[in-house]
Amino acid sequence: MRKLIAGTGWKMNIGAAEAARYAARLLSCLDAASRDLLDLFVLPPFTSLHAAHAAFLSSPVGIGAQNMHWEASGAWTGEISAAMLAEAGCKYVELAHSERLQHFGETYEFVRRKLNAAMDSRLTPILCLGETRQDKSLGRADDVLAEQIGIALADQSASSLPAIMLAYEPRWAIGAANAAPPDYVAERHRALRSVVRQRYGAQAAGDVRIIYGGSVTPGNSEALMDHPDVDGLFVGRAAWSPEGFAEIAAIVARAAMKRKLS
Ligand code: PEP
């Protein structure tokens, strides 16, 4: 059975001092089921990683970065390598967030190189995949997702799939008023799993974890988690308060208990 996940990316919010306060509060309000049953992650900005690492040390919450460079070192002013992230205590790295595609010219070809470097440094890549509103209206969502996976995972083999997290984040639902409808999310997750099955086989498709992100709130989490192909939630705004994150994690943990019993 796949272990469920709750995670948050802070984007360019929450500096070092606030990160320590956030961590202390989150650790005081996470319930036992979330701690025991879930993989939990927080992705602070680079300058808060040190404080977050210290504050979450020996806790069930892993930390990660929101981006990285594909090279190990060199003349890449302003960049951070996978090895540097690992040294800073990161377990995870987010790749291909829609804001990086939209504002920084990131492409899935660059993402492929970053993902390879992350795997070499034993970071867990959180690979964002998602269609634009236009792709959706043209009925191309599943084609776009297959294309993104095809490029980003081109150098990976079936055995590496369990070490990669896929995050379905429809670009039109990020920072929006509402999440994508749960049935729509379930269809896309099924389609993603079927692409993994075609390319890497049934075992990899059964093992790979696919989380959903895009305007998740405590109010819509239960319905999103009601679908067996949704393995967790990746939260922005609603988890920028530790109480919000703990509340959503508790809902994901309840889904984990339900799946164990069924
Ligand atoms: C995100 O930016 O990845 C995200 C999911 O944000 P929000 O939950 O605020 O839509």
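Highest first, please rank the peptides 137-150, 160-173 by the mean number of other Cβ atoms sitting within 10 Å of their residues.
160-173, 137-150
Can you send over the solvent-accessible area of Ser157, 1.4 Å probe, protein chains only, in Å² to the nearest 10?
60 Å²
Rounded to the nearest percent, how much of the accessible area of region 4-261 (1.4 Å probe, protein heavy atoms only) is carbon and sulfur?
52 percent
Using a 1.4 angstrom probe and counting only protein chains, how large is the accessible area of Lys11 in Å², to 10?
60 Å²
Show Ser48, Ser28 ordered by accessible area, largest first, where the area counts protein heavy atoms only and the probe is 1.4 Å.
Ser28, Ser48
Return one whole number: the accessible area per residue of the chain in Å², for a 1.4 Å probe.
44 Å²
Got a number for the accessible area of Asp183? Probe 1.4 Å, square angstrom, nearest 10.
In the full protein context, Asp183 sits at about 100 Å².
Taking only complete DSSP H runs, can you tell me which helices of the chain stretch 15 Å or more along their own long axis by Cα positions and average at least 0.5 on the Kyte-Doolittle scale?
Helices passing the filter in the chain: 141-152.
Can you bin every Cα-Cα distance in region 1-101 into 10 Å intervals starting at zero and give me the percent of pairs per bin, rounded to whole numbers?
For region 1-101, the binned pair fractions read 15, 46, 31, 8, 1 percent.
Could you give me the percent of Cα pairs per 10 Å distance bin for region 74-181, shortest bin first, beginning at zero and ending with the bin that holds the maximum distance?
The calculated distribution, bin by bin, is 14, 44, 31, 11, 1.
Scaled to the compact-protein estimate 2.2 N^0.38 Å, what is the alpha-carbon radius of gyration of the chain, rounded to two decimal places?
0.94
Name the shape class, rounded, prolate or oblate, that the alpha-carbon gyration tensor gives for region 122-262, where a ≥ b ≥ c are the square roots of its eigenvalues, rounded holds for a/c under 1.5, and otherwise prolate holds if a/b is larger than b/c and oblate otherwise.
Judged from the Cα gyration tensor, region 122-262 comes out oblate (a/c at least 1.5, b/c at or above a/b).
The values are calculated or read from the model by the stated rules, or taken from the named source; none is laboratory data. Just so it is clear, the structure is predicted and the values come from calculations on it, not from any experiment. Cβ coordinates were reconstructed from backbone atoms using ideal geometry, including for glycine residues, and neighbour counts include every protein chain displayed. In case anyone asks, the SASA skips ligands and DNA or RNA and just uses the protein heavy atoms, side chains included. Shrake-Rupley method; radii C 1.70, N 1.55, O 1.52, S 1.80 Å.
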